[in-house]
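The values are calculated or read from the model by the stated rules, or taken from the named source; none is laboratory data. None of these values were measured; they are calculated from a predicted model. No Cβ is skipped: glycine too gets one built from the backbone with ideal geometry, and neighbour counts run over all protein chains shown.
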């Protein structure tokens, strides 16, 4: 970046405190931008037992949960294209989502009551996602069983696609959908993450 | 976009002084966010942000009702403002850190005041080219002159600044 180019020695003293100043200004910017109605997508990254999670929200609600294997930068770039380029890291806007996920991973929360923004899933995919919360905590359902709940009961593969492209994993529990033979099936967070979540939900309640 | 925060801060500090720079920095980025959805075709985001920072600095001076050129007096408010900031930072630290921060702040204040003494075209060329890293052609766009003139102003300005600073070092005990 040009800013990192070495300054002429005469000007070097001017750079003395600018890192700290820029950090402070950047930290204050999201709140000011939000107050001015200029942040369309707020995001933060949280740690979890299934790795770092990117949480992104709009004025409507949580719009994206992404695993690190999806590439957080790529996810943010996609959000900039599909939702709005006015994206800022604004952790406090996602406090509720972070808290509920924390409670979920601690075994203290069995369902989420966050406002959700489903704009990244349309048509049949959205219909599938709407049915997933009907699979209760600690339970599983096959792709075929989920298809049977929808307007296209034979669209088993399309259910698989809808789960694989779920923009809100964990919160919309696609991890509870498994193969008809009882095997786990794929997961956008990786097989280990799916196994961890199913084990967490199967564990005796505290 | 926030990756350009340092460049914008340098321009704001050079144009409105260290104390008011933070406000103008924020105004610059809010204006950029406001324009952002329509800014897809902008080729050089950094030059675009510097232009916004320049405009917001001019707005700032207009509001404050004073001339945008803090030159003429080596003990200009710029230097005072800088030292006050550094002093506050230093007071919050402690021991050797206080001394170091104060000395660094004094050095910076001296350079700012030397920059402020340059003739306007040279001063702006030094700020946009040497401090913010814009190319001479972009500097010319901001100054309303030719690329060759912008290049010359940046070179002459830096030379004059060097002479200034050497002179001050000799004055010191």
Looking only at residues that are within 8 Å of chain B (Cβ to nearest Cβ), over 20 Å from residue B:21 (Cα atoms) and part of a helix (DSSP H, G or I) in the stretch A:1-42, which one is modelled with the highest pLDDT?
A:10
Output the residues belonging to the stretch B:116-128 that are part of a helix (DSSP H, G or I), more than 10 Å from chain A (Cβ to nearest Cβ) and surrounded by 14 or more Cβ atoms within 10 Å (Cβ to Cβ).
B:116, B:121, B:122, B:123, B:124, B:125, B:128
The stretch A:86-113, subset surrounded by 17 or more Cβ atoms within 10 Å (Cβ to Cβ) and in a loop (DSSP other than H, G, I, E, B), residue farthest from the other protein chains (Cβ to nearest Cβ):
A:112
Out of A:148, A:130, A:56, report the one residue that is more than 14 Å from chain B (Cβ to nearest Cβ), without any contact (Cβ under 8 Å) to a residue 60 or more places away in the chain and in a strand (DSSP E or B).
A:56
Filter the stretch B:86-103 down to residues that are out of contact with any helix residue (DSSP H, G or I) (no Cβ under 7 Å at 6 or more places or on another chain) and within 23 Å of residue B:165 (Cβ to Cβ) and give me whichever is modelled with the highest pLDDT.
B:103
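Residues are listed down the side, and each one gets a yes or a no for (1) on the phi > 0 side of the Ramachandran plot; (2) at pLDDT 95 or above; (3) touching a helix residue (DSSP H, G or I) at 6+ places or on another chain (Cβ under 8 Å); (4) surrounded by fewer than 21 Cβ atoms within 10 Å (Cβ to Cβ):
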| position | (1), (2), (3), (4) |
| --- | --- |
| B:62 | no, no, no, yes |
| B:71 | no, no, yes, yes |
| B:79 | no, no, yes, no |
| B:83 | no, no, yes, yes |
| B:112 | no, no, yes, no |
| B:147 | no, yes, yes, yes |
| B:155 | no, yes, no, yes |
| B:158 | no, yes, yes, yes |
